[in-house]
Every structure is written in structure tokens, then in C-alpha cells.
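No value in this document is a laboratory result; all are computed from the given coordinates. All values derive from a computational prediction rather than experimental measurement. Virtual Cβ from ideal backbone geometry, glycine too; neighbours counted across all protein chains shown.
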Amino acid sequence: REAKGKLPRYPGLERWNLVEKMGDGAFSNVYRARDSQGVYNEVAIKVVRKFEMNSTQEVQIMRQLDHPNIVKLVEFSEARQYYYIVLELCPGGELFHQIVRLTYFSEDLSRHVIVQVAKALQYMHEEAGVVHRDIKPENLLFYPTPFVPTRNPKPRGPDDEDKADEGEFVKGVGSGGIGLIKVADFGLSKVIWDSQTMTPCGTVGYTAPEIVKDERYSKSVDMWALGCVLYTLLCGFPPFYDESIQVLTEKVAKGQYTFLSPWWDDISKSAQDLVSHLLTVDPDKRYDINQFLEHPWIRESGEETNAAA
Ligand code: ADP
Ligand code: MG
């Protein structure tokens, strides 16, 4: 936690009292802030250096979006050197840190999380005509409201045992759990051209095939990422990893991943089936968002069992 005195002052942001730095991405500093006029609750302010990145597209897209699983834009302003993107605050922070904290999520907790991300994607892909293109645990934020899974994760791999001894597997799974999930960071997002109806530019008939094709695939980019997130939630490590970027790139290109033993031994075949339909190299064969939401593993919600417990 950074001390108050160390927080910078930004020109034009006088209304907001910065409380703490919440995160820094590649091109932004994000602060928790209070409204000195008392109109808004606490917010998150993403400060972007104009020199490094143009946020106008990001903000323009966010303005169009209205969904419970997407971080809301509160206000946008700019100074000579900065963009200020005032956002709904997600007090739980990044899903990423929760994976690290819990080592991995139970199937019920994973489902609870991934369904919400999928609902946001369904809204983006099917209603808003937007692709996110940067779905990853760092960009998935949450509200820490209680969720009670049917069972706590047990240690599985050799490394997991140490953490089990510290009680990590129980801590935070119940009442300290994850409530509402919000998709954040539209810095790489894009509007997709709807070849059926209207395009953002107006006319339809003049769109080149590579654009149409490109956009057909852009939704599937989010679905691949969704598969990577689901894989990571279930076992605690990503499907593709290598120290060398070259080797990693090659593995991704070939879709070379495995359900690594012993970590995947106790994870249901149904969950593995769903993951494999997302981590499919051919984008035409990869599940789209509706196929995802109709898969048995998603539909067999753990809710009945939860209610009984
Ligand atoms: P970047 O494009 O630099 O990655 P992000 O929008 O992802 O910027 O924000 C960077 C980090 O700041 C996030 O990963 C998260 O930790 C934090 N953050 C961003 N927005 C919020 C928010 N609305 N509530 C809480 N934390 C946030
Ligand atoms: Mg980010």
C-alpha cells in the first residue's frame, strides 16, 4: 500500500481524492478515489499518458456498454498529457490474485466465475457488436460477496501440499469468496462490423472480404481466451507456458496443451470436454459463446447442491 503523500496530483483531477494505487498496467495507473463533492461512491480512476496510448476508442466503446458483468464507465475527461477514465470500483480487485491465493478453484467456483464472464461476452458479441480481445485474469475484477461452493478444493499436486498445510485451501473459499465478476480493460477492444445490418461506417456492401473474415474470427479470439481462463481457474496454471517466447508461440500455434496429471486427475471429464472445445485451433470449429453457454458442464449448475447444503 502506497502512502497518501506519495500519490501524484494530476491537473484537472482536483474533484477526486486519490486514496491508493490499485494497479498498474502497461500504459496506465489506476487509483481508488473518493468524490470530494460526495455525488459518487468510491471509484477507480485509470490515468493514461496520452504520450503512450490513445484511450478515446476504449472510452467510446465503454460508453455503448451496459451490462451487470462489465465495469461501468462513470466519467471521462482529459488534460494536456493525460486521459482520466473514471470507472465503477471493483473492490475485490483482480481475479488473478484470487487464483494465486486459492491455488485453484473448485469446479463450482470456476463455473460461478466463468458463466459471468461468458454472459459479458455474450452481450458484447451478440448485442453490442464488440470484441474484447484481452480477456485474462488480470482484466477480470470482482466484488467479494459470499459464495459457498459444495466442497473445498483439496491439494492435488506436490507443490500444492505446502499450501494445504498453511490452510490456504479452506481460507477464503467460503465467505471470503467471489461474488459479482466484472470484465474490465477495453483498451484493446474493437467494434465489429455487422455485415447483415449497419456498420459503424454506414454502408454495408463495400466491406472487403478480409474485413468480414477478420471480424468473424475476432469473436473466436475471445472464446480462445475464455478457454485459457477456464483452464487456469480449474487447475491454477495456464494451458500454454514456456520460458522461451518462441517455444510458447509454437505451442499456442499448434494448440499443444495437456490436462496435466496429477492436477487434472480429479477434474470432471465434462469440464475437460468444454475446455477442449474452446482450445480448438481451428476458429471455425471452436465453440462460440452460445455453444459455450449450452454445454452440459455450464448447465449442470452446482446451485441445487448448494441450496441443499
Ligand atoms: P491496462 O490497460 O493498463 O492493463 P486496466 O484497465 O487493465 O489497464 O487496469 C490495470 C489494473 O488496474 C487492473 O488489472 C486492475 O488491477 C486495476 N483496475 C482497473 N480498473 C479497476 C476497477 N474498476 N476497479 C478496481 N481495480 C481496477
Ligand atoms: Mg489490463
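Some notes on this structure:
- Label-to-label distance, nm, for residues given as ARG101 and ASP266 (7 Å Cα→Cβ offset): 2.2 nm
- Label point distance in nm, SER36-THR56, each placed 7 Å from Cα along Cα→Cβ: 2.9 nm
- Of the trypsin sites (Lys or Arg not before Pro) found in the range 30-80, those that fall in a DSSP loop while having at most 11 other beta-carbon atoms within 10 Å are ARG80.
- In terms of distances greater than 19 angstrom between alpha carbons, the cross-link table entries LYS119/LYS269; LYS190/LYS254; LYS136/LYS219; LYS190/LYS285; LYS72/LYS213 yield LYS119/LYS269; LYS190/LYS254; LYS190/LYS285; LYS72/LYS213.
- Value in Å of the Kirkwood radius, where the range 72-135 supplies the Cα pairs that are averaged: 14.6 Å
- Test item: Cα-centred dipole of the range 55-133, Lys/Arg +1 and Asp/Glu -1 on Cβ, debye: 140 debye
- When peptides 207-218, 263-274, 94-105 are ranked by their average number of other Cβ atoms within 10 Å per residue, the highest-first order is 94-105, 263-274, 207-218.
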